[in-house]
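The values are calculated or read from the model by the stated rules, or taken from the named source; none is laboratory data. All figures in this text were calculated on a predicted structure; none of them were measured in a lab. Cβ atoms come from the backbone with ideal geometry, glycine included; neighbour counts cover every protein chain shown.
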Amino acid sequence: MVIVAGYLIVDPELREAYLADCAGIVSRARRAAGCLDFAISADLVDPGRVLVLERWESQAAVEAFRGEEPGSKLQATIRTAEVAEYEVADVRMLT
(Lines give C-alpha, C1' and ligand atoms only; values in the text may rest on other atoms or scores of the structure.)
Protein backbone atom coordinates (compact mmCIF):
# COMPACT_ATOMS: atom_id res chain seq x y z
CA MET A 1 0.00 0.00 0.00
CA VAL A 2 1.11 3.56 -0.73
CA ILE A 3 -0.05 6.54 1.30
CA VAL A 4 0.32 10.08 0.00
CA ALA A 5 -0.14 12.63 2.77
CA GLY A 6 0.63 16.23 3.51
CA TYR A 7 -0.68 19.73 3.09
CA LEU A 8 -0.84 22.67 0.73
CA ILE A 9 -0.91 26.35 1.63
CA VAL A 10 -3.14 28.68 -0.38
CA ASP A 11 -4.29 32.23 0.26
CA PRO A 12 -7.13 31.94 2.82
CA GLU A 13 -9.54 33.89 0.62
CA LEU A 14 -8.94 31.42 -2.24
CA ARG A 15 -9.23 28.18 -0.27
CA GLU A 16 -12.96 27.52 -0.79
CA ALA A 17 -12.64 28.08 -4.55
CA TYR A 18 -9.54 25.87 -4.63
CA LEU A 19 -11.38 23.06 -2.86
CA ALA A 20 -14.37 23.39 -5.19
CA ASP A 21 -12.02 23.16 -8.18
CA CYS A 22 -10.53 19.95 -6.69
CA ALA A 23 -13.87 18.11 -6.60
CA GLY A 24 -13.37 16.69 -10.09
CA ILE A 25 -9.89 15.42 -9.23
CA VAL A 26 -11.22 13.69 -6.12
CA SER A 27 -14.05 12.06 -8.08
CA ARG A 28 -11.68 10.83 -10.82
CA ALA A 29 -9.19 9.50 -8.28
CA ARG A 30 -11.83 7.58 -6.34
CA ARG A 31 -12.88 5.85 -9.57
CA ALA A 32 -9.28 5.08 -10.60
CA ALA A 33 -8.00 1.52 -10.48
CA GLY A 34 -6.14 0.86 -7.25
CA CYS A 35 -7.45 3.88 -5.33
CA LEU A 36 -8.47 2.96 -1.78
CA ASP A 37 -9.19 6.49 -0.59
CA PHE A 38 -8.58 10.04 -1.80
CA ALA A 39 -9.37 13.28 0.04
CA ILE A 40 -8.52 16.95 -0.29
CA SER A 41 -10.03 18.96 2.56
CA ALA A 42 -9.88 22.15 4.58
CA ASP A 43 -7.86 22.29 7.79
CA LEU A 44 -10.11 23.07 10.75
CA VAL A 45 -7.88 25.71 12.36
CA ASP A 46 -5.67 27.17 9.59
CA PRO A 47 -7.69 29.08 6.97
CA GLY A 48 -5.00 28.72 4.29
CA ARG A 49 -4.13 25.07 4.79
CA VAL A 50 -5.50 22.24 2.61
CA LEU A 51 -4.99 18.63 3.70
CA VAL A 52 -4.16 15.83 1.27
CA LEU A 53 -4.65 12.13 2.01
CA GLU A 54 -4.50 9.33 -0.55
CA ARG A 55 -4.33 5.55 -0.14
CA TRP A 56 -3.42 3.34 -3.10
CA GLU A 57 -3.07 -0.41 -3.56
CA SER A 58 0.37 -0.04 -5.19
CA GLN A 59 2.96 2.34 -6.55
CA ALA A 60 1.87 1.34 -10.06
CA ALA A 61 -1.67 2.57 -9.27
CA VAL A 62 -0.30 5.91 -8.02
CA GLU A 63 1.83 6.34 -11.13
CA ALA A 64 -1.06 5.45 -13.46
CA PHE A 65 -3.12 8.24 -11.90
CA ARG A 66 -0.25 10.77 -11.69
CA GLY A 67 -0.65 11.69 -15.34
CA GLU A 68 -3.63 13.76 -14.20
CA GLU A 69 -1.66 16.49 -12.45
CA PRO A 70 -3.50 19.59 -11.24
CA GLY A 71 -4.18 22.17 -13.94
CA SER A 72 -2.21 25.37 -14.13
CA LYS A 73 -5.05 27.28 -12.40
CA LEU A 74 -4.83 24.96 -9.37
CA GLN A 75 -1.02 24.99 -9.39
CA ALA A 76 -0.97 28.79 -9.47
CA THR A 77 -3.13 28.92 -6.31
CA ILE A 78 -0.68 26.85 -4.23
CA ARG A 79 1.82 29.01 -2.32
CA THR A 80 3.75 26.11 -0.82
CA ALA A 81 3.29 22.39 -0.31
CA GLU A 82 4.62 19.55 1.79
CA VAL A 83 3.31 16.23 0.47
CA ALA A 84 5.13 12.88 0.62
CA GLU A 85 4.60 9.27 -0.43
CA TYR A 86 4.94 6.47 2.10
CA GLU A 87 5.24 2.80 1.20
CA VAL A 88 3.46 0.77 3.87
CA ALA A 89 4.81 -2.68 4.72
CA ASP A 90 2.18 -3.67 7.27
CA VAL A 91 -1.28 -2.50 8.29
CA ARG A 92 -3.07 -2.85 11.62
CA MET A 93 -6.77 -2.04 11.44
CA LEU A 94 -8.12 -0.02 14.38
CA THR A 95 -11.83 -0.66 13.75
> If we keep just the residues of the stretch 77-90 that are closer than 11 Å to V2 by Cα and in contact (Cβ under 8 Å) with a residue 40 or more places away in the chain, which is surrounded by the most Cβ atoms within 10 Å (Cβ to Cβ)?
Replying inline: E85
> Which residue out of A17, A5, A23 is under 26 Å from V91 (Cα atoms) and either of a type outside the set (S, T, N, Q) or at pLDDT 95 or above (or both)?
Replying inline: A5
>> Step by step: first the residues of the stretch 26-63, then only those that are assigned to a helix (DSSP H, G or I) and basic (K, R), then the one that is surrounded by the fewest Cβ atoms within 10 Å (Cβ to Cβ). Which residue is that?
In response: R31
> Given (1) of a type in the set (G, A, S); (2) in contact (Cβ under 8 Å) with a residue 60 or more places away in the chain; (3) loosely packed, with under 13 Cβ neighbours inside 10 Å, where does A23 come up short, assuming only one miss?
Replying inline: (2)
> Looking at (1) surrounded by 12 or more Cβ atoms within 10 Å (Cβ to Cβ); (2) free of Cβ contacts under 8 Å to residues at least 12 places away in the same chain, can you tell me which one L74 breaks?
Replying inline: (2)
> Is the stretch 69-79 home to any residue that is at pLDDT 95 or above and either farther than 24 Å from A17 by Cβ or assigned to a loop (DSSP other than H, G, I, E, B) (or both)?
Replying inline: no
